[in-house]
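Just below is one structure, and these are the notes that go with it.
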Amino acid sequence: MAVRIYKPAKTAMQSGQGRTRDWILEYEPAAPRQIDPLMGWTSSTDTRQQVTLAFESKEEAIQYATRNGLAYTVIEPTPRKPLRKAYADNFKFGRPDNWTH
């Protein structure tokens, strides 16, 4: 069985860093998903896809995977590059975007 170890990115609806500090261990899908012919819902016979484990560090997640004999893939997070903006930049002369109001 293969697992993925990664640090989740923040969602587009978040402004803070909530739920992005832990490392997540997820099982890779073992069976493909099927579409129910009657309702059109997506289903799967693989129940391990529902299991996600959270760890405080990458090393703890790797130790868990090796202790349980799981082949793992570590996906390193990409660092954030926050854009520093000032509200006054919306009104400055020679701004690159057109004023829309």
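Which condition number in (1) in contact with a Pro (Cβ under 8 Å, 6 or more places away or on another chain); (2) surrounded by fewer than 14 Cβ atoms within 10 Å (Cβ to Cβ) is the one that Gln49 fails?
Just one mismatch for Gln49, condition (2).
Please tell me if Tyr64 is surrounded by 10 or more Cβ atoms within 10 Å (Cβ to Cβ), under 15 Å from the mean Cα position of the chain (by Cα) and within 22 Å of Met1 (Cβ to Cβ).
no
Identify the residue in segment 16-44 that is among the acidic types (Asp, Glu) and assigned to a loop (DSSP other than H, G, I, E, B) and, among all such residues, is nearest to Asn68 (Cα to Cα).
So the residue we want is Glu28.
Kindly provide the set of residues from segment 67-101 that are under 18 Å from the mean Cα position of the chain (by Cα), of a type outside the set (S, T, N, Q) and outside any loop (DSSP other than H, G, I, E, B), ordered by number.
Tyr72, Val74, Ile75
State whether the residues of segment 13-27 include one that is surrounded by 10 or more Cβ atoms within 10 Å (Cβ to Cβ), among the hydroxyl-bearing types (Ser, Thr, Tyr), at pLDDT below 90 and touching a Lys or Arg at 6+ places or on another chain (Cβ under 9 Å).
Yes.
Specify the residue that is modelled with the highest pLDDT; the eligible residues are those in segment 45-66 that are β-branched (Val, Ile, Thr) and in a loop (DSSP other than H, G, I, E, B).
Restricting to residues being β-branched (Val, Ile, Thr) and in a loop (DSSP other than H, G, I, E, B), the top hit is Val51.
The values are calculated or read from the model by the stated rules, or taken from the named source; none is laboratory data. All values reported here derive from a predicted model rather than from experimental measurement. For neighbour counting, all protein chains shown are included, and Cβ atoms are generated from backbone atoms with ideal geometry for every residue, glycine included.
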